[in-house]
Protein chains: 2
Amino acid sequence: MNNEHLLSLRDFYKKQLLEDTVPFWFPRSYDPEYGGYLLMRDADGSLIDTDKAVWIQGRACWLLSTLYNTVESRKEWLEGARLGYTFLREKCFDTEGKMYFHVDRTGDPIRMRRYFFSETFAVIAAAAYAKASGDPEAADFARKMFGICLEYAQGERRIEPKFEPTRPAKGIGVPMIMINTAQQLRDTIGDPRCDGAIASWITEIETYFVKDDIRCVMEQVAPDGSIIDHIDGRTLNPGHAIEGAWFILHEARYRNNNPKLIDLGCRMLDYMWERGWDKEYGGILYFRDVYDKPVQEYWQDMKFWWPQNETIIATLLAYLVTGNEKYANMHEQIHNYAYSHFHDKEHGEWFGYLHRDGRISQTAKGNLFKGPFHLPRQEWYCWSILENFINQAT
Amino acid sequence: MNNEHLLSLRDFYKKQLLEDTVPFWFPRSYDPEYGGYLLMRDADGSLIDTDKAVWIQGRACWLLSTLYNTVESRKEWLEGARLGYTFLREKCFDTEGKMYFHVDRTGDPIRMRRYFFSETFAVIAAAAYAKASGDPEAADFARKMFGICLEYAQGERRIEPKFEPTRPAKGIGVPMIMINTAQQLRDTIGDPRCDGAIASWITEIETYFVKDDIRCVMEQVAPDGSIIDHIDGRTLNPGHAIEGAWFILHEARYRNNNPKLIDLGCRMLDYMWERGWDKEYGGILYFRDVYDKPVQEYWQDMKFWWPQNETIIATLLAYLVTGNEKYANMHEQIHNYAYSHFHDKEHGEWFGYLHRDGRISQTAKGNLFKGPFHLPRQEWYCWSILENFINQAT
């Protein structure tokens, strides 16, 4: 990419974020009456459900706080962030201190799930909000919740098992989310536990999940890293592994462009681009089987928004840290595919769910699983790394 | 339909069942080494997983027993049924007497789920096997398991709740499966509890789930039958409701063509054909929203095999009990759509998962959720009701 191209990409991501994506969600999604956000919306922004998904309440609070911290100290964003932070603290915990997955508009609980991802998103929300607000209680809360996440991740705090002990497995999801959670905590209010923890989770991923012999990143493996040759064990999630790749490339930049981490992140991206990029229609497919057998999950060959967002970040970051034009080309491919197929030119933001061939499957912009996160994070992150790169180069 | 058409349909279903569908599965799926069946197969019959789905082990045992009971007392089918019956009894229970959802080839447990559908399929398997074998222990086991299912269905035996008590709901699934389980038990070895129980579950469905004012059968409702206006509560499953319709039409026939039951079954079929039939591409869609809002489940507009099977049965049965040519036309439409899009002319049986436009999404014939049940049951049932109708008419 020449300098002009870099500048125009930077301007594009900035403009999309601030003039298209964020205005789709805010201010209309603030819920001053009950706290938090009303995010379950159809293509035109009309509300399809007043319920609140706890993951997404946390993610939206993180976004608003991050905009306040890094773009402009706009009062609306800080007050909006406070709505989410307060709702998370006051409404989303059960009596034993575990966070719900799904609550109603008022905060009454609908569903608890066994995972601790509500907690990880509460950490990044509270950490970013603590930086934005200067509220020391928010910082304490973020650090306390991070400690709880560490206990879950290290098996010291028990998660109700979904499977019997016959065939033990571990997933890439926990080390991945913990890397990103620690990175966000470090980038906002800081915490001495972050560097060591990130390093150990990267080692975990490299040791057990990255398979150079077959050019693959596994989504789950046996405790010793071997491939579990059953339907679930063979199922790959290319967009997820590519998200993990850019968390590691982000860490490489933080560690003065550490060459081993650059190599690891780029291998993960290369392998899963080979597995996930749809040569026929473009875009990243949802699931693949490691041995090309049929994938059981029904939406396996659909195109969801978030794997495209993660791949847009990973390819751009790989290009910026390596200068390898291969990644610039990959970035251009995924960027052009995604913005031409997912972006809603009429109402802003992206559709979430396309069929393999690019037709829209359903029109919701927000539901229990989609909200203001992957797309605005991508636009914000790409803008920010381009800004940084351009400034360093001049 | 004229008589010639009825005869040719009867011959078609018989031939498909015995020369195409059943030979795809058996004898190759018998597992004499560990018991049960190896049913997770790709399009060409190659094995993609040796695991065993407990629902489908029961359903396959039911099928083999039913073929033995109603088609021909072929020794292979009886011995095959015994493999499944024994595996269910010896390998699929935990220490507290609850049945697993998923076990490995040897019967070691992989996953327990909260629902009691493994138990309902064990009832129909054991009842049909008891009739085939004359084994009184199998009959006792079927009746005992039916009693356990009754306790679950009536709330006397506790199921771990998935949701918090904030927004109570009940589903059509339990009354539906219990109607069919009781019908199968009654049709094989008989049980005095069946008639009354079936009548009360039909009343439950009519009272709470069938909405004449909006021409709809709800998949779930609040305890008082009101519609829960949130994403999950609005989600309809047309193929499932149509399956319920034919269970009720089956009951109507059993009760000397009871006109109220015929009317109820036909209303359910009419309403959900209107909601589920895809006017653009043909076939029954998986999910719809009662108010035409976006459906959250990702595969909502795919075409799965089983809703087509259930609709083939329901339309044919509605035609035979009413003589209304409307249902003959609907039957012809769904029959032609399904056999031209789902049937695998090369290897036999049906593909399970098509995109909305009829393209194949993935090729598995068997997995954790698909096996020898909906298709062979449809072919067997349609053959048998046509045979019966033709014999009565002559």
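The values are calculated or read from the model by the stated rules, or taken from the named source; none is laboratory data. Predicted, not measured: the structure shown is a model, and the values here were computed from it. For neighbour counting, all protein chains shown are included, and Cβ atoms are generated from backbone atoms with ideal geometry for every residue, glycine included. With ligands, DNA and RNA removed, areas are computed over all heavy atoms of the protein, side chains included. Shrake-Rupley method; radii C 1.70, N 1.55, O 1.52, S 1.80 Å.
It is to be established whether one or more residues within the stretch B:306-324 are within 16 Å of the chain's Cα centre (by Cα), in a loop (DSSP other than H, G, I, E, B) and surrounded by fewer than 21 Cβ atoms within 10 Å (Cβ to Cβ).
Checking the stretch B:306-324: not a single residue is within 16 Å of the chain's Cα centre (by Cα), in a loop (DSSP other than H, G, I, E, B) and surrounded by fewer than 21 Cβ atoms within 10 Å (Cβ to Cβ).
With respect to B:ARG377, is the statement that it is touching a residue at least 60 places away in the same chain (Cβ under 8 Å), open to solvent by 40 Å² or more (accessible area, probe 1.4 Å) and among the basic types (Lys, Arg) true? Spell out how you get there, then give the answer.
Numbers: touching a residue at least 60 places away in the same chain (Cβ under 8 Å): yes; open to solvent by 40 Å² or more (accessible area, probe 1.4 Å): no; among the basic types (Lys, Arg): yes.
No; evaluated as a whole, the condition is false for this residue.
May I ask you to verify whether B:LYS345 is open to solvent by 10 Å² or more (accessible area, probe 1.4 Å) and away from chain A (no Cβ under 14 Å)? Lay out the reasoning, then the answer.
Values: open to solvent by 10 Å² or more (accessible area, probe 1.4 Å): yes; away from chain A (no Cβ under 14 Å): yes.
Yes: the conditions hold for B:LYS345.
(1) open to solvent by less than 10 Å² (accessible area, probe 1.4 Å); (2) without any contact (Cβ under 8 Å) to a residue 40 or more places away in the chain; (3) of a type outside the set (Lys, Arg): which one isn't true of A:VAL54, the others all being true?
(2)
Open to solvent by 20 Å² or more (accessible area, probe 1.4 Å), in the same structural domain as B:ALA241 (by TED's automatic domain parsing) and touching a Pro at 6+ places or on another chain (Cβ under 7 Å): is that true of B:THR363 in this structure?
Details: open to solvent by 20 Å² or more (accessible area, probe 1.4 Å): yes; in the same structural domain as B:ALA241 (by TED's automatic domain parsing): yes; touching a Pro at 6+ places or on another chain (Cβ under 7 Å): yes.
In short, yes.
Take the residues of the stretch A:110-142 that are of a type in the set (D, E, K, R) and in contact (Cβ under 8 Å) with a residue 12 or more places away in the chain: which is least open to solvent (accessible area, probe 1.4 Å)? Give the derivation first.
We begin by selecting, within the stretch A:110-142, every residue of a type in the set (D, E, K, R); these are A:111, A:113-114, A:119, A:131, A:135, A:137, A:140.
Now restrict to residues that are in contact (Cβ under 8 Å) with a residue 12 or more places away in the chain: A:113-114, A:119, A:131.
Numbers: A:ARG113: 66, A:ARG114: 80, A:GLU119: 1, A:LYS131: 98 Å².
Step by step, filter the stretch A:110-142, then rank; the result is A:GLU119.
Name the single residue that is nearest to the other protein chains (Cβ to nearest Cβ) among those in the stretch B:78-104 being of a type in the set (Ser, Thr, Tyr) and outside any helix (DSSP H, G or I). Can you show your working first?
Residues of the stretch B:78-104 that are of a type in the set (Ser, Thr, Tyr), as a first pass: B:85-86, B:95, B:100.
In the following step, the residues that additionally are outside any helix (DSSP H, G or I) were identified as B:95, B:100.
Values: B:THR95: 12, B:TYR100: 8 Å.
Only one residue fits best here, namely B:TYR100.
So which residues in the stretch A:349-389 are of a type in the set (Lys, Arg) and more than 14 Å from chain B (Cβ to nearest Cβ), if there are any at all? It would help to see each step written out before you state the result.
To start, the set of residues in the stretch A:349-389 that are of a type in the set (Lys, Arg) comprises A:356, A:359, A:365, A:370, A:377.
Residue satisfying the conditions is A:ARG377 alone.
For B:PRO223, only one of the following conditions fails: (1) assigned to a helix (DSSP H, G or I); (2) assigned by TED's automatic domain parsing to the domain that holds B:LYS303. What is its number?
Failed condition: (1).
Of the conditions (1) open to solvent by 10 Å² or more (accessible area, probe 1.4 Å); (2) closer than 28 Å to A:ALA318 by Cβ, A:GLU33 fails just one. Which one is it?
Failed condition: (2).
Does A:GLN392 fit the bill of being open to solvent by 10 Å² or more (accessible area, probe 1.4 Å) and more than 10 Å from chain B (Cβ to nearest Cβ)? Reasoning before the result, please.
Details: open to solvent by 10 Å² or more (accessible area, probe 1.4 Å): yes; more than 10 Å from chain B (Cβ to nearest Cβ): yes.
Taking the combined requirement at face value, the residue satisfies it.
Can you find even one residue in the stretch A:66-77 that is within 14 Å of chain B (Cβ to nearest Cβ) and crowded, with 16+ Cβ neighbours inside 10 Å? Let's see the steps before the verdict.
Here is the first cut: in the stretch A:66-77, the residues within 14 Å of chain B (Cβ to nearest Cβ) are none.
No, every residue in the stretch A:66-77 fails to be within 14 Å of chain B (Cβ to nearest Cβ) and crowded, with 16+ Cβ neighbours inside 10 Å.
Among the residues of the stretch A:284-314, which ones are more than 10 Å from chain B (Cβ to nearest Cβ), out of contact with any Leu (no Cβ under 7 Å at 6 or more places or on another chain) and without any contact (Cβ under 8 Å) to a residue 60 or more places away in the chain?
A:ILE284, A:ASP292, listed by residue number.
How do the pairs read when you match residues in the stretch A:325-340 that are part of a helix (DSSP H, G or I) with residues anywhere that are at pLDDT below 95, using Cβ under 6 Å and keeping only pairs 6 or more apart or on different chains?
Correct list of pairs: A:ALA328/A:MET1.
Which residue is most open to solvent (accessible area, probe 1.4 Å), if the candidates are limited to the stretch A:348-359 and must be out of contact with any Gly (no Cβ under 9 Å at 6 or more places or on another chain) and either aliphatic (A, V, I, L, M) or assigned to a loop (DSSP other than H, G, I, E, B) (or both)?
We begin by selecting, within the stretch A:348-359, every residue out of contact with any Gly (no Cβ under 9 Å at 6 or more places or on another chain); these are A:350-351, A:353, A:355, A:357, A:359.
Next, from what is left, pick out any that are either aliphatic (A, V, I, L, M) or assigned to a loop (DSSP other than H, G, I, E, B) (or both): A:351, A:355, A:357, A:359.
Details: A:PHE351: 24, A:HIS355: 3, A:ASP357: 43, A:ARG359: 78 Å².
Applying the filter and picking the extreme gives A:ARG359.
Report whether or not A:GLY155 is assigned to a loop (DSSP other than H, G, I, E, B), surrounded by fewer than 15 Cβ atoms within 10 Å (Cβ to Cβ) and not assigned by TED's automatic domain parsing to the domain that holds A:LEU38. First the steps, then the outcome.
Details: assigned to a loop (DSSP other than H, G, I, E, B): yes; surrounded by fewer than 15 Cβ atoms within 10 Å (Cβ to Cβ): yes; not assigned by TED's automatic domain parsing to the domain that holds A:LEU38: no.
No.
Out of contact with any Cys (no Cβ under 7 Å at 6 or more places or on another chain), exposed (fewer than 14 other Cβ atoms within 10 Å of the Cβ) and at pLDDT 95 or above: does that describe B:PRO161? Walk me through how you get there before you give the answer.
Values: out of contact with any Cys (no Cβ under 7 Å at 6 or more places or on another chain): yes; exposed (fewer than 14 other Cβ atoms within 10 Å of the Cβ): yes; at pLDDT 95 or above: no.
Judged against the criteria, B:PRO161 is not a match.
Would you check if A:LEU39 is within 14 Å of another protein chain (Cβ to nearest Cβ) and in contact with a Ser or Thr (Cβ under 6 Å, 6 or more places away or on another chain)? Even if it seems obvious, please write down each step before you answer.
Working: within 14 Å of another protein chain (Cβ to nearest Cβ): yes; in contact with a Ser or Thr (Cβ under 6 Å, 6 or more places away or on another chain): yes.
Spelling it out, A:LEU39 is indeed within 14 Å of another protein chain (Cβ to nearest Cβ) and in contact with a Ser or Thr (Cβ under 6 Å, 6 or more places away or on another chain).
Looking at (1) in contact with a Ser or Thr (Cβ under 8 Å, 6 or more places away or on another chain); (2) part of a loop (DSSP other than H, G, I, E, B), find the lone condition where A:ILE177 falls short.
(2)
Which of the residues that make up the stretch B:185-220 are hydrophobic (A, V, I, L, M, F, W, C) and assigned to a helix (DSSP H, G or I)?
Keep residues of the stretch B:185-220 that are hydrophobic (A, V, I, L, M, F, W, C), which gives B:185, B:189, B:194, B:197-199, B:201-202, B:205, B:209-210, B:214, B:216-218.
Once the filter is applied, which keeps residues that are hydrophobic (A, V, I, L, M, F, W, C) and assigned to a helix (DSSP H, G or I), the stretch B:185-220 yields B:LEU185, B:CYS194, B:ALA197, B:ILE198, B:ALA199, B:TRP201, B:ILE202, B:ILE205.
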